[in-house]
Amino acid sequence: MEVAAAAANSGLRTMCIMKHVGVNVAADPLMTLAYVGVKGGLVIISADDPFMFSSQNEQDNRYYGKLAGIPILEPSSVREAKNMTISAFELSERLGEPVILRTTTRINHSSAFVDLGKIKNRKTKGDFKKDPFKYVTVPAVSRTLHVKLLENLEKAEKLSETSEHNIITGSGSWGIICNGVSFSYALDAVKDLKIQDKTKILRIGFSNPLPPKMIKNFAKQCEKILVIEEGEPFMEEAVKAFVQEEKLILPIKGKHKNLFSRLYEFDPGMVREKIANYFEIDYIPRNSVDTEKLPKIPQRPPNLCSGCSHRATFYEVKKAAKGMETIYPTDIGCYTLGFLPPLSVGDFLICMGSSVSTSCGFSKATDKKVISFIGDSTFFHSGITGLVNAVFNNHNFTLVILDNGTTAMTGHQPNPGVDMSLMNFDGYNLLE
Ligand SMILES: Cc1ncc(C[n+]2csc(CCOP(=O)(O)OP(=O)(O)O)c2C)c(N)n1
Ligand code: SF4
């Protein structure tokens, strides 16, 4: 985020890509970068993971847009992801603010054909013009920058009102407000339930700031509204507030014990069923395929590969610690799987780098022997700062750095611990 902040303020278009929890790590610079703003377009891709297919939580990063005061765009398809990327750069340059492009699991894991359009030449060198009273965020400077950020947010709200990404389809007095992949599910469901002439759908693609006028006008034409969004009731709460401002009285529901959950991913069948419930449509769910007579497929939980070097390390550590009362803080990577029996080395994990700092806590708070594990990539990512403090503060634990010379779990990317000369590279140049 900081690399991108500097490049964007040197006038370059910059993209900063991470999974949802990556934004937590990048949140410190992001919050103040929103004050400082950008010159070249800066697009942050936040790939959220409802259902936690490969993550430790399913936080909804739309709140980061709200927290930082910057726009969010949310695609409903692969094609839109590509088109919204172009829009996001244009929007970022128009407002002078970073823009978040938020995707979720189903979009992240899909691929499709897209039309590329004209590809512009990439500008890779810009210039930084000094202006410390804009760029150095001491309190006196930030006080004026915050005023500018709020003005930009007002401009963004106007753009959201007329954005091509906020669209209304269908007709009728039953209202559906949805976003992202839920839009496709809702479109299919309305067709399957044959309620096209009764149902209007407002698809929100520009989700921060939301368009209050558009939502109020939509609500005026509805007798009841269902909000369909994976994750938190981000839109639902806002829609209820807008409708209250208009003094309208109509049922609005979304997250509810009989409707949508804040947990996990949605799917087309589930969305169809909830729409039918809410609008009280006679609906017989489709028969699911009878799998009773099929042989049961054996469970195949994730496991360390055969021959994995981590397994041998865990085995040796367990042998060395035999008879000791131990706590094994672990970290994020392939080696996390060591928490499973029979190895059972992994007692505590909250985020990348947490093995080191939680070891400090356990070693202070208990009399047990603390032995923790961290991968080489994770060590350079966020373990190293904790270790510097641990040494300074005389914390007493044994840290095992599992140096397998790669970032295995996420696809073997190089990290600062990898000897790139073995591949005839001098360091790692991602893009010239
Ligand atoms: C903040 C954050 N960014 C990215 C990830 C995704 N992630 C999961 S494991 C991993 C790296 C693991 O590499 P390493 O520590 O070297 O262990 P290995 O898989 O090689 O055993 C990353 C980047 C994450 N969980 N949290
Ligand atoms: S991919 Fe992961 S589990 Fe498999 S051998 Fe490499 S580090 Fe071990």
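The values are calculated or read from the model by the stated rules, or taken from the named source; none is laboratory data. This structure is a prediction, so every number in the text was calculated from the model and none was measured. All Cβ positions, glycine included, derive from the backbone under ideal geometry; neighbour counts span all protein chains shown. With ligands, DNA and RNA removed, areas are computed over all heavy atoms of the protein, side chains included. Shrake-Rupley method; radii C 1.70, N 1.55, O 1.52, S 1.80 Å.
Scanning segment 218-228 for residues that are over 26 Å from ASP282 (Cβ atoms) and either open to solvent by 20 Å² or more (accessible area, probe 1.4 Å) or part of a loop (DSSP other than H, G, I, E, B) (or both) yields a single hit, LYS220.
Taken as a whole, the condition of being within 16 Å of ligand 2 (Cβ to nearest atom) and open to solvent by 40 Å² or more (accessible area, probe 1.4 Å) applies to HIS412. Of all positions in segment 101-113, at least one carries a residue that is under 20 Å from VAL38 (Cβ atoms) and open to solvent by less than 60 Å² (accessible area, probe 1.4 Å).
Note on segment 261-290: among residues that are assigned to a loop (DSSP other than H, G, I, E, B) and charged (D, E, K, R), the one that is surrounded by the most Cβ atoms within 10 Å (Cβ to Cβ) is GLU265. Among the conditions (1) out of contact with any Leu (no Cβ under 9 Å at 6 or more places or on another chain); (2) on the phi > 0 side of the Ramachandran plot; (3) buried (at least 19 other Cβ atoms within 10 Å of the Cβ), the only one that ASP49 does not satisfy is (2).
The condition of being outside the structural domain of LEU259 (by TED's automatic domain parsing), more than 25 Å from GLY41 (Cβ to Cβ) and touching a residue at least 60 places away in the same chain (Cβ under 8 Å) does not hold for ARG143.
Take the conditions (1) surrounded by fewer than 13 Cβ atoms within 10 Å (Cβ to Cβ); (2) farther than 30 Å from LYS216 by Cα; (3) in contact (Cβ under 8 Å) with a residue 12 or more places away in the chain; LYS130 misses just one of them, which is (3). Pairing residues of segment 111-125 that are at positive phi with residues that are open to solvent by less than 100 Å² (accessible area, probe 1.4 Å), at Cβ distances under 8 Å and at least 6 apart in sequence or on separate chains, gives GLY117/ILE86.
Filter segment 357-383 down to the residues that are hydrophobic (A, V, I, L, M, F, W, C) and away from ligand 1 (no atom under 12 Å from the Cβ), then identify the one that is most open to solvent (accessible area, probe 1.4 Å). Applying the filter and picking the extreme gives ALA365. Within this structure, VAL418 fails the test of being more than 27 Å from MET52 (Cβ to Cβ) and part of a strand (DSSP E or B).
Across segment 291-349, the qualifying residues are those that are open to solvent by 70 Å² or more (accessible area, probe 1.4 Å) and in contact with a Pro (Cβ under 7 Å, 6 or more places away or on another chain), and the one among them that is farthest from ligand 1 (Cβ to nearest atom) is ASP347.
Filtering SER344, SER382, SER357 for residues that are more than 16 Å from ligand 2 (Cβ to nearest atom), touching a helix residue (DSSP H, G or I) at 6+ places or on another chain (Cβ under 6 Å) and among the hydroxyl-bearing types (Ser, Thr, Tyr) leaves a single hit, SER357.
Only one of PRO71, PRO75 is in contact with an Asp or Glu (Cβ under 9 Å, 6 or more places away or on another chain) and closer than 22 Å to SER182 by Cα; which? Within the list PRO71, PRO75, the selection yields PRO71.
Close Cβ contacts (under 8 Å, 6 or more residues apart or on different chains) running from residues in segment 332-352 that are more than 15 Å from LEU402 (Cα to Cα) and without any contact (Cβ under 8 Å) to a residue 60 or more places away in the chain to residues that are within 12 Å of ligand 2 (Cβ to nearest atom) and of a type in the set (S, T, N, Q) comprise LEU340/ASN303.
Does VAL400 qualify as being within 13 Å of ligand 1 (Cβ to nearest atom), aliphatic (A, V, I, L, M) and outside any strand (DSSP E or B)?
no
The number of residues in segment 187-217 that are more than 29 Å from the chain's Cα centre (by Cα), touching a residue at least 12 places away in the same chain (Cβ under 8 Å), closer than 15 Å to ILE177 by Cβ and not in a strand (DSSP E or B) comes to 0. Inspect all residues belonging to segment 346-363 and state whether any of them is over 28 Å from MET52 (Cβ atoms) and over 24 Å from the mean Cα position of the chain (by Cα). Yes, some residue in segment 346-363 is over 28 Å from MET52 (Cβ atoms) and over 24 Å from the mean Cα position of the chain (by Cα). When segment 384-409 is limited to residues that are β-branched (Val, Ile, Thr) and either buried (at least 17 other Cβ atoms within 10 Å of the Cβ) or not assigned by TED's automatic domain parsing to the domain that holds PHE348 (or both), the one that is nearest to ILE327 (Cα to Cα) turns out to be VAL400. Residue pairs whose Cβ atoms lie under 9 Å apart, sitting 6 or more positions apart in sequence or on different chains, and linking a residue in segment 414-426 that is more than 21 Å from GLY383 (Cβ to Cβ) to a partner that is surrounded by 10 or more Cβ atoms within 10 Å (Cβ to Cβ), are LEU422/GLY405; MET423/PRO414; PHE425/PRO414; ASP426/MET420. Answer yes if at least one residue in segment 272-291 is over 19 Å from LYS194 (Cα atoms) and among the basic types (Lys, Arg), and no otherwise. Scanning segment 272-291 turns up no residue that is over 19 Å from LYS194 (Cα atoms) and among the basic types (Lys, Arg). Whenever a residue of segment 303-321 is within 16 Å of SER344 (Cβ to Cβ), its partners that are part of a loop (DSSP other than H, G, I, E, B) and more than 8 Å from ligand 2 (Cβ to nearest atom), lying with C-beta atoms within less than 6 angstrom and at least six residues away or across chains, give the pairs PHE314/LEU343; PHE314/VAL345.
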